[in-house]
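Okay, so here's the structure we're looking at.
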Amino acid sequence: MIDQPLFHYALRLGDDSLILGQRLSEWCGHAAALEVDLSLTNIGLDLIGQATSALGYAGDLEGAGRDADGLAFHRDALDYENCLLVEQPNGDFGQTIARQFLFSNWHWLFLSALAASKDATLAAMAAKSVKEVSYHVEFANDWMVRLGDGTPESHQRLSAGLDWNWRFVEELFIGDDVDNEMVQRGIGVDKASLRAAYDARIIDVLNDANLPVPKKHRAITGGRRGHHSEHLGHLLSQMQFLQRAYPGASW
Amino acid sequence: MSDKATNEASLKGDWALWEVFIRTRGGLSHRHVGSVHAPDAELALKHARDTYTRRMEGVSIWVAASTSISASDPAHADAFFEPAADKVYRHPTFYNIPKNIKHI
Amino acid sequence: MYTTELQKVSALDNSLSADPPELVAAFEARVAADAFIEPKDWMPQAYRRTLVRQISQHAHSEIVGTLPEGNWITRAPSLRRKAVLLAKVQDECGHGLYLYCAAETLGTSREQMIEALHSGKAKYSTIFNYPTLTWADMGAIGWLVDGAAIMNQVPLQRTSYGPYARAMVRICKEESFHQRQGYEIMMTLANGSAAQKRMAQDALNRWWWPSIMMFGPPDDNSPNSAQSMRWRIKRESNDDLRQRFIDVTVPQALALGLTLPDPELKWNEARDHYDYGPIDWEEFYAVVRGEGQVAKERMSARVKAWEDGAWVREAAAAHAVKKAKRNAA
């Protein structure tokens, strides 16, 4: 018997990291300075590593012979369960930083709580990942302040990037049946409980960045049940191309 | 330090240059490994981390604005360093102690 | 990744030198005695110019070299391959960074070097002006292009200019996995389905000749070699390195069960080397002139990254100034 809720929980953890890692890898070779290129790539590599562990665990739980690659490369958008925020396009560096800022601050709180999970595998993965994500948070916060406070142009671009991504923040704190069961069993994180700490963290940075705290946006959701933006299909068609074009081949 | 580096950099151009020093493990000194460009000290540290410690090369990093490093002049290397060459009495091997005297 | 002598030091450059002969003699003696030259040491103008050109050309090659492989990162066929390719391209970015820093110690800023690249004044390795058409190109590049680069770079760890030699030590250490991951991709494809094997053979066919051109023009057409050898900026001749590359690579290709696109390639017992067919130097010089198939794409990608990044670099610098002022107040 598959532990369905736990399977989906691990899947979501992996999908968030995989999709954001894929997005960051699009930057490789195109950043504003060589140093920034190296930083973005380091974050992307952390996320791809996290995805590999979490999807591998999901595959084990499923017990249907799908490994991390099987899950990454052979699911269509309807079966992807990442949040909508991570699949948003890179846009300019301001939009990328806004996305990283909004996600990494949530990711850090989520993983910190998950490190206390009764599921030993999830707890261990979270404890390892949270160190990586601490750095992602620092990187994103640093750049929020620099772009927000820097020049009128950077301020305007960052505001637009924040505006683009802000719509998808509510979703991060909304739990569904899977979340509820995981919380009850002491495995998962009560997402709503992270909200106050999240707001405090991001308001601090927004203040330093001379940016107003955006108004609460109507929740746009769907990612966790496979209803995504139009962007995800394109991301997947690129990422999965070889596995789809040559079924059964090993690489 | 960071003010000086920043003010000397043109806002439009590339960032200022920083020298990077890394302690490879506890107990060792920091050692110069290279440089990075960065707009300020905080980012210089992060750039150094992302550039020079990707293969677990370090446990601690120092960065210093390149402009704040003073170096000895190689043209005066003779005057600077050669006078030390004949002061052999500063080294333990200068002294002859009989073999039967221990712990000295 | 590296190509020797795409741009020559003109004879005029050398003859106009106003360097004091006694300093030149002392310098030559130090280099001949295998001493390292450091940034603040006196050096002949031609030495400095040649080094800036060579190191920056090497740096440009690393940076432009991120693009052909970067083309496949988002399409890598497994999570492992994706992580490996991303880490490899990141290394190249880092290697460009180390090399620009080494060249900067000679008094030319990274920005000046980047402008020279973007304006077409500076050159980079011809190999990166070929397109990456299939996944097998990731294998062929790692195996052949990195293999050729390593062969070129290893001797430069003992080059006379300290910062360059130290950068090369770090680069060679980091690159040790690059060639192996490429060969591993080729092995997997060569032992895979018919379609994968075809892909591998096609990539080898396309990358073989450009890879052996990476060692630069033949020795008899390489007039500055003597000076560069004496200065230990260049340590072995183009043809020697090329021959060594061919000798070690052919058995690797045969082990894959693939064929090499050179009908004249055969082992010569008497020479103890492989003989190989004529290299199309017309093609090489055309690519050096900027006529490579994707030269325009490569340069426009670099220029776009630099120009799109201008507001980011400016913002961070502006914030640093504001913060310094606030702290001083």
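Taking all protein chains in place and a 1.4 Å probe, what share, in percent, of the accessible surface of the protein assembly as shown do carbon and sulfur account for?
56 percent
Name the long-range amide H neighbours of B:G34: under 5 Å, sequence gap of 5 or more, or other chain; modelled H, no Pro or chain starts.
Here the answer is B:V20, since their amide H atoms fall under 5 Å of that of B:G34.
For the cross-link pairs A:K131/C:K173; B:K12/C:K304; C:K123/C:K234, which exceed 20 Å when the distance is taken from alpha carbon to alpha carbon?
Too far apart for the 20 Å limit: A:K131/C:K173.
Expressed in nm to one decimal, what extension gain is obtained for the pair C:R289 and C:D41 from 0.36 nm per residue of sequence separation less their Cα-Cα distance?
85.8 nm
What whole-number distance in Å separates the alpha-carbon centres of the stretch B:12-27 and the stretch B:73-92?
After rounding, the separation between the Cα centres reads 30 Å.
Put one equal scatterer on each alpha carbon of the stretch C:21-105, apply the Debye formula with no solvent term, and list log10 I(q)/I(0) at q = 0.10, 0.13, 0.21, 0.24 1/Å to two decimals.
-0.41, -0.57, -0.94, -1.08
List the trypsin sites (Lys or Arg not before Pro) in the stretch A:49-135 that DSSP assigns to loop (not H, G, I, E or B) and whose Cβ has at most 11 other Cβ atoms within 10 Å. Which are they? Display every interim value, and only then the final one.
Details: sites: A:R66, A:R75, A:R99, A:K118, A:K128, A:K131; in loops: A:R66, A:R75, A:K118.
Taking the stretch A:49-135 and a limit of 11 other Cβ atoms within 10 Å, the loop trypsin sites (Lys or Arg not before Pro) found are A:K118.
Rank these residues by their accessible area, most exposed first, probe 1.4 Å: C:S61, B:S29, B:S68.
Per-residue accessible area, sorted high to low, gives B:S29, B:S68, C:S61.
What does DSSP give for the stretch B:3-73 in terms of the percent of beta bridges that are antiparallel, rounded to the nearest 5?
100 percent
Using the Karplus equation 6.51 cos²θ - 1.76 cosθ + 1.60 (θ = phi - 60°), what ³J(HN,Hα) coupling, rounded to whole Hz, does each residue of the stretch B:66-76 give in order, writing x for Gly and Pro?
So the J values, rounded to whole Hz, are 4, 5, 9, 8, 9, 10, 5, 8, x, 5, 9.
Helix B:41-52 against the longest principal axis of chain B: what's the angle in degrees, Cα atoms only, rounded to the nearest 10?
Its long axis makes an angle of about 70 degrees.
May I ask you to derive the FRET efficiency for C:S300 and C:R48 from their Cβ-Cβ distance with R0 = 22 Å, giving the value to the nearest 0.05?
E(calc), rounded to 0.05, equals 0.10.
Determine the relative contact order of the stretch B:34-101: mean sequence separation of Cα pairs under 8 Å and six or more apart, normalised by residue count, in whole percent. Working shown, then result.
Details: 20 pairs, mean separation 13.3, N = 68.
The normalised contact order for the stretch B:34-101 reaches 20 percent.
I want to make sure I understand the PRE zone here: with the label point 7 angstrom from the Cα of C:N327 toward its beta carbon, which residues in the stretch A:134-148 have backbone N atoms less than 20 Å away?
Of the residues in the stretch A:134-148, A:138-148 have backbone N under 20 Å from the label point off C:N327.
With runs of 4+ DSSP H residues as the only contributors, calculate the mean residue ellipticity of the protein assembly as shown at 222 nm using -39,500 (n - 2.57) per run, divided by the residue total and rounded to the nearest 500.
Result for the protein assembly as shown: -18500 deg cm²/dmol, rounded to the nearest 500.
Mind pulling the angle between the C-alpha long axis of helix A:34-62 and the longest principal axis of chain A? Nearest 10 degrees, somewhere in 0 to 90.
Orientation of helix A:34-62: about 30 degrees from the principal axis.
Before I look further, what does the stretch A:117-251 give for accessible area per residue, probe 1.4 Å, in whole square angstrom?
Spelled out: the 1.4 Å probe surface of the stretch A:117-251, per residue, equals 48 Å².
Evaluate the relative contact order of the stretch A:15-154 (contact order divided by residue number), counting alpha-carbon pairs under 8 angstrom at least 6 apart; express in whole percent.
Computed over the stretch A:15-154, the figure is 21 percent.
Over the Cα atoms of chain B, what radius of gyration and what Dmax do you get, in Å?
Here Rg and the maximum Cα pair distance are 21.0, 72 Å.
Once the dipole of chain B is set up with Lys and Arg at +1 and Asp and Glu at -1 on Cβ about the Cα centre, which of B:Y89, B:A44, B:W62 lies farthest towards its positive end?
Checked the options; the winner is B:Y89.
Please go through the stretch C:203-290 and write out the GluC sites (Glu not before Pro) that DSSP classes as loop and that have at most 10 other C-beta atoms within 10 Å.
C:E264, C:E269
Quick one: Cα centre-to-centre distance for the stretch A:90-161 and the stretch C:27-90, in angstrom?
For the stretch A:90-161 versus the stretch C:27-90, the Cα centre distance is 32 Å.
Report, as a whole number in µm² per second, the diffusion coefficient that Stokes-Einstein gives for chain A at 37 °C and 0.692 mPa s using the Kirkwood radius over alpha carbon pairs.
178 µm²/s
Could you tell me how far the Cα centroid of the stretch A:1-64 sits from the Cα centroid of the stretch A:183-251, in Å?
12 Å
Order B:H76, A:H228 by their accessible area, 1.4 angstrom probe, all chains in place, largest first.
Correct descending sequence by accessible area is B:H76, A:H228.
If you project the alpha carbons of the protein assembly as shown onto their three principal axes, what span does each projection cover, largest first, in Å?
Computed over the Cα atoms, the extents are 83, 71, 69 Å.
Quick one: helix A:152-166 against the long Cα principal axis of chain A, what's the angle to the nearest 10°, folded into 0 to 90?
30 degrees
Which order do A:W27, C:W42, B:W62 take by accessible area at a 1.4 Å probe, largest first?
If we order A:W27, C:W42, B:W62 from most to least accessible, we get B:W62, C:W42, A:W27.
At a probe radius of 1.4 Å, figure out the A/C buried accessible area, summed over both chains, and give it in Å² to the nearest 100.
3900 Å²
Just need the relative contact order of the stretch B:3-73 here, percent rounded to a whole number, with Cα pairs under 8 Å and 6+ apart.
On the way: 114 pairs, mean separation 25.6, N = 71.
About 36 percent, as a whole number.
For the residue pair A:A196 and A:D176, what label-to-label distance in nm results when each label sits 7 Å from Cα along the Cα-to-beta-carbon direction?
Rounded to a tenth, the inter-label distance reads 2.8 nm.
From the P(r) of the stretch C:91-166, could you give the percentage of C-alpha pairs in the tail past 20 Å?
So the pairs more than 20 Å apart make up 44 percent of the total in the stretch C:91-166.
Enumerate the whole-percent occupancy of each 20 Å bin, from 0 to the last occupied one, for all C-alpha pair distances of chain C.
With a bin width of 20 Å, the distribution comes to 29, 55, 15, 1.
The values are calculated or read from the model by the stated rules, or taken from the named source; none is laboratory data. Please read these numbers as outputs of a predicted model, since none were measured by experiment. When we count neighbours, we look across all protein chains shown, and the Cβ atoms used for this are built from the backbone with ideal geometry, even at glycine. Keep in mind that these areas ignore ligands, DNA and RNA; they rest on the heavy atoms of the full protein, side chains included. Shrake-Rupley method; radii C 1.70, N 1.55, O 1.52, S 1.80 Å.
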